[in-house]
Amino acid sequence: MFEISSSYADRVQFAGGSIMPRSTLSVLLVSALLLLSASASQAQTQASCTFTFLPTMVTIPNFGTATWSASGINDFGTVVGSASTPTADFGIIRWAGGGVTPVFGTSLVARNDSGLSIGYSVIENNQPILLIGTSGTDITLNGSPGPIQAVNGINGWGSVVGTYFTDFPNGLTGFKRWSNGGFITLNFPGAQQTTPIGINDSSTIVGSYFAVAGQGNGFIYHNGQWASLNFPSSTNTTLTGISNAGVIIGNAMVNGSSTAFLYGNGVFKVISVPNALANSTTVFGIGPKLGMILGTASFSTGNQGFIATCQ
């Protein structure tokens, strides 16, 4: 499967003859705006969100109930994550209607709208896997100098982002992998370490990098172009997801406190869960088309996963 537009009407031709999908062009324009505003923008406000809370327990046939943690969401409201019982580990697929499909010996981190999930095979020394239904296929990089260390995000075309082991610069290198196993390395210019986390259907990638000074910074990458995006006055910013419309979510440390946020149209918006403990909200992923946000927050009774729609 290739990341190209199926209709010429959805493409734009530039001077010199190059052709680009309009969807890709729109994201490039968003990225260009970010290049201008990311370092200087101080505009921020409170996001207006509606929250749906996820159950803290799941039922696993023949194993009973178990606490679970959610990690990824798609546009159908299907959430993936992981659970552990005293005798076995399971990947969890929780459908929008509330039904649960456990996948023995796995942990799952992300899912796309085509029904593909990525995660790890716990019984294969945490080998990264692509899950089709409940059958896992090992994820490898064709021709890479080292094995995959982490898989973090998948888009609708089956492209995966993460990190793999290498000797440069500090043992880990970011990558984008196509569905055929081919890949490119992703290293923010001058950074010591780059971690891609989220990817949308136009292959715009977000994540974090560490510069020489050691501060964590958010990044945006598309088609060879890089931009930094840091929450105002933060000492550490990690971008965890980007929708097809260019809405970005992430987490930041501001004055020693954790802050979850979304970013769009040059404005940062803080995401806070009502009645949650202060500075306890964390966001993990965002649906590519509908923009549903997956996260967690802490209450006096414990941690609670949520799905949020925010403006």
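Of the residues in the range 183-193, at least one is farther than 20 Å from GLY285 by Cα, touching a strand residue (DSSP E or B) at 6+ places or on another chain (Cβ under 9 Å) and β-branched (Val, Ile, Thr). Within the range 110-138, being in a loop (DSSP other than H, G, I, E, B) and crowded, with 20+ Cβ neighbours inside 10 Å holds for one residue alone: ASN112.
Looking only at residues in the range 213-231 that are assigned to a loop (DSSP other than H, G, I, E, B) and in contact with a Phe, Trp or Tyr (Cβ under 7 Å, 6 or more places away or on another chain), the one that is farthest from GLY198 (Cα to Cα) is PHE231. Before we move on, is ALA276 buried (at least 18 other Cβ atoms within 10 Å of the Cβ) and in contact with a helix residue (DSSP H, G or I) (Cβ under 7 Å, 6 or more places away or on another chain)? Spelling it out, it is not the case that ALA276 is buried (at least 18 other Cβ atoms within 10 Å of the Cβ) and in contact with a helix residue (DSSP H, G or I) (Cβ under 7 Å, 6 or more places away or on another chain).
Evaluated against (1) at pLDDT below 95; (2) under 19 Å from SER69 (Cα atoms); (3) of a type outside the set (Gly, Ala, Ser), ASN142 falls short on exactly one condition, (2). The set of residues in the range 75-106 being under 15 Å from GLY305 (Cβ atoms) and either crowded, with 20+ Cβ neighbours inside 10 Å or among the β-branched types (Val, Ile, Thr) (or both) consists of THR78, VAL79, VAL80, GLY81, SER82, ALA83, ILE92, ILE93, ARG94, VAL100. Of all positions in the range 171-180, at least one carries a residue that is closer than 17 Å to LEU130 by Cβ, in a loop (DSSP other than H, G, I, E, B) and under 18 Å from the mean Cα position of the chain (by Cα).
Looking at the range 65-97, which of its residues are without any contact (Cβ under 8 Å) to a residue 24 or more places away in the chain and assigned to a strand (DSSP E or B)?
Taking the range 65-97 and keeping what is without any contact (Cβ under 8 Å) to a residue 24 or more places away in the chain, we get 65, 67, 84, 86, 95-97.
If the condition is that a residue be without any contact (Cβ under 8 Å) to a residue 24 or more places away in the chain and assigned to a strand (DSSP E or B), then THR65, THR67, SER84 are the ones that fit.
With respect to the conditions (1) part of a strand (DSSP E or B); (2) surrounded by fewer than 20 Cβ atoms within 10 Å (Cβ to Cβ), ILE197 falls short on a single one, namely (2). Considering (1) modelled with pLDDT of 95 or more; (2) farther than 22 Å from ILE118 by Cα; (3) of a type outside the set (Lys, Arg), the lone condition that GLY216 does not fulfil carries the number (1).
Checked against (1) modelled with pLDDT of 95 or more; (2) farther than 30 Å from GLY266 by Cβ; (3) not aliphatic (A, V, I, L, M), CYS49 passes all but a single condition, namely (2). The set of residues in the range 187-212 that are of a type in the set (Val, Ile, Thr) and either closer than 13 Å to ASN152 by Cβ or touching a Phe, Trp or Tyr at 6+ places or on another chain (Cβ under 9 Å) (or both) comprises THR194, THR195, ILE197, ILE199, THR204, ILE205, VAL206.
With respect to SER234, determine if the residue is assigned to a loop (DSSP other than H, G, I, E, B), hydroxyl-bearing (Ser, Thr, Tyr) and over 22 Å from ASN74 (Cα atoms). So SER234 fits the description; yes.
The values are calculated or read from the model by the stated rules, or taken from the named source; none is laboratory data. Everything numeric in this text was worked out from a predicted model, so none of it was measured. Reconstructed Cβ throughout: ideal geometry from the backbone, glycine too, with neighbour counts over all protein chains shown.
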